[in-house]
1. Scanning the stretch 21-40 for residues that are polar (S, T, N, Q) and at pLDDT 80 or above, which turns out nearest to Arg54 (Cα to Cα)?
2. Given the criteria among the charged types (D, E, K, R), in contact (Cβ under 8 Å) with a residue 12 or more places away in the chain and outside any helix (DSSP H, G or I), does Arg174 qualify?
3. Which one is modelled with the lowest pLDDT among residues in the stretch 44-63 that are touching a Gly at 6+ places or on another chain (Cβ under 9 Å) and surrounded by 14 or more Cβ atoms within 10 Å (Cβ to Cβ)?
4. Against the condition exposed (fewer than 10 other Cβ atoms within 10 Å of the Cβ) and either at pLDDT 80 or above or among the β-branched types (Val, Ile, Thr) (or both), how does Pro18 come out, does it pass?
5. For the stretch 131-168, which residues satisfy the criterion of being of a type in the set (Gly, Ala, Ser) and surrounded by 20 or more Cβ atoms within 10 Å (Cβ to Cβ)?
6. I'd like to know if the stretch 131-143 contains one or more residues that are charged (D, E, K, R), under 18 Å from the mean Cα position of the chain (by Cα) and assigned to a helix (DSSP H, G or I).
7. Just to verify a result, which residue in the stretch 1-15, among those that are of a type in the set (A, V, I, L, M, F, W, C) and surrounded by fewer than 11 Cβ atoms within 10 Å (Cβ to Cβ), is modelled with the highest pLDDT?
Amino acid sequence: RMPVMDGVEAIRHMKADPLLKNLPVVAFTASILQSEEKQVQQLADGFLRKPFKRAELLAELARHLECVESTSPNSIAPVAVESIEEPVAPELSAPASLRLRQLLDDEFVKCSKTMSMKTIGSFAAALRQFSDQYELRQMNAFALRLAAAVSEFDLDIVRSLLTDFPTLATAHIRK
C-alpha cells in the first residue's frame, strides 16, 4: 500500500504531467480487487501481479524499453554448449592442467558450496579467460552460458551447469 495516494491515483498524476505522460508505467501489485485491476490495466502501460518471476519482469520491461543489441566485448549471449563441436577434448599441458585442476578443486567447490552469484560470476569469468587462453571452445561456450545464467539470476540453469562442470573439466585434465 502506498502511503499518500493509491497506485491508480499515482498513475493518473503521472499521465497528466506533461513531463511524465510519455514515460511507460508498469504497475506491480500483490493485492488488488478485480475491478481495480481492470482500471490499473487500462491506465498503466504494463501490469504484473506479485509474486512474479524475474523472467516475467524482464519480458514486461522489454515490451516498454527500446532494446539495443550490445556490441560491447563484455556483453554475454547464451550459447548452447552442444552447438560447439570439439571432437576430442584436447589434453592440456601440465601447467594448464594444474590451473584447471585448481579451478575445479578450489573455485568450483566454493561456488557449489556457497551458491553465491557473485562468486559464480567470478568463476565464469576466470573460466572464460582460461578457455580463451587455451582455445577450448566448448569450455568457453560453457563459461558464457554460466555467466548468462548468473546475470539473469536463473538458479535452475546455474545449478545444472555447475553439475556438468566436473565432467567437462576432467575431460581436459592430464592424467
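The values are calculated or read from the model by the stated rules, or taken from the named source; none is laboratory data. Source: prediction; values computed, not measured. Every residue, glycine among them, receives a Cβ derived from its backbone with ideal geometry; neighbour counts consider all protein chains shown.
1. If we filter the stretch 21-40 for residues that are polar (S, T, N, Q), which is where we start, we get 22, 29, 31, 34-35, 39.
Keeping just the survivors that are at pLDDT 80 or above gives 22, 29, 39.
On the way: Asn22: 25, Thr29: 15, Gln39: 25 Å.
Residue satisfying both the conditions and the ranking: Thr29.
2. Working: among the charged types (D, E, K, R): yes; in contact (Cβ under 8 Å) with a residue 12 or more places away in the chain: yes; outside any helix (DSSP H, G or I): yes.
Yes: the conditions hold for Arg174.
3. Let us first name the residues in the stretch 44-63 that are touching a Gly at 6+ places or on another chain (Cβ under 9 Å), namely 44, 60-61, 63.
Right, trim to surrounded by 14 or more Cβ atoms within 10 Å (Cβ to Cβ) and you get 44, 60-61.
Details: Ala44: 89, Glu60: 82, Leu61: 78.
Checked the stretch 44-63; the qualifying residue modelled with the lowest pLDDT is Leu61.
4. On the way: exposed (fewer than 10 other Cβ atoms within 10 Å of the Cβ): yes; either at pLDDT 80 or above or among the β-branched types (Val, Ile, Thr) (or both): yes.
Answer is yes for this residue.
5. As a first pass, look at the stretch 131-168 and keep what is of a type in the set (Gly, Ala, Ser): 131, 141, 143, 147-149, 151, 160.
Listed by number, the residues that qualify are Ser131, Ala141, Ala143, Ala147, Ala149.
6. Keep residues of the stretch 131-143 that are charged (D, E, K, R), which gives 132, 135, 137.
Cutting the leftovers down to under 18 Å from the mean Cα position of the chain (by Cα) gives us none.
Checking the stretch 131-143: not a single residue is charged (D, E, K, R), under 18 Å from the mean Cα position of the chain (by Cα) and assigned to a helix (DSSP H, G or I).
7. Step one: filter the stretch 1-15 for residues of a type in the set (A, V, I, L, M, F, W, C), giving 2, 4-5, 8, 10-11, 14.
So of that shortlist, the ones also surrounded by fewer than 11 Cβ atoms within 10 Å (Cβ to Cβ) come out as 2, 4.
Numbers: Met2: 64, Val4: 79.
Looking at the filtered set, the residue picked out is Val4.
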